[in-house]
Amino acid sequence: LSSSIAPAPAAAPARPAKKKASKPAKKAGPSVGDLILKAVSASKERSGVSLAALKKALAAGGYDVDKNKVRVKTAVKKLVLKGALVQTKGTGASGSFKMSKKTEAKKNTLFTSFRWLRCNKTTQ
């Protein structure tokens, strides 16, 4: 029985599995938004803090503003959209910003409630 059976085609060489590039580790520390909120809340300006003054404050705190200009702008815009910051002058990321009344009220109530708990602690 010699039938013409075609030899099996040669198996394609197995490709090694591609290794997925690992994402760089997230840096420890506060986010840009948190740094901006700290800088604005520390300011005593009545009309708010300008973007230039905000960048100076971040740079003084050790943040590389020149390298992360876009991050600072987007963080400011997001904070305005969330309602954490209020824009007093200008549009977009330019202008002056100050803390919203809601954020200040939330911070004050947390502090007073903590102080109340600490003062009214029952001693056993």
Check: Can you name the condition, by its number, that ARG15 falls short on among (1) within 40 Å of the chain's Cα centre (by Cα); (2) modelled with pLDDT of 70 or more; (3) in a loop (DSSP other than H, G, I, E, B)?
Finding: (1)
Margin query: Pairs please, first residue from segment 39-51 and within 15 Å of GLY95 (Cα to Cα), second anywhere and hydroxyl-bearing (Ser, Thr, Tyr), Cβ atoms under 7 Å, 6+ apart in sequence or on different chains.
Written below: SER47/THR88; SER47/SER96; GLY48/THR88; GLY48/SER96; VAL49/SER43; VAL49/SER96; SER50/SER96; LEU51/SER94
Margin query: Cβ-Cβ distance below 6 Å, separation of 6 or more or different chains: which pairs start in segment 83-95 with a residue that is closer than 14 Å to VAL49 by Cα and end on one that is part of a loop (DSSP other than H, G, I, E, B) and of a type outside the set (S, T, N, Q)?
Written below: GLN87/GLY95; THR88/GLY48; LYS89/GLY95
Note to self: Which residue is farthest from VAL65 (Cα to Cα), if the candidates are limited to segment 42-52 and must be at pLDDT 90 or above and surrounded by 13 or more Cβ atoms within 10 Å (Cβ to Cβ)?
What the structure shows: GLY48
Notebook entry, point to check: When residues of segment 56-104 are filtered for being crowded, with 19+ Cβ neighbours inside 10 Å, under 15 Å from the mean Cα position of the chain (by Cα) and part of a helix (DSSP H, G or I), how many remain?
Noted result: 5
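The values are calculated or read from the model by the stated rules, or taken from the named source; none is laboratory data. Owing to the predicted nature of the structure, the values given are computational and were not obtained by experimental measurement. All Cβ positions, even for glycine, are placed from backbone atoms using ideal geometry, and neighbour counts span all protein chains on display.
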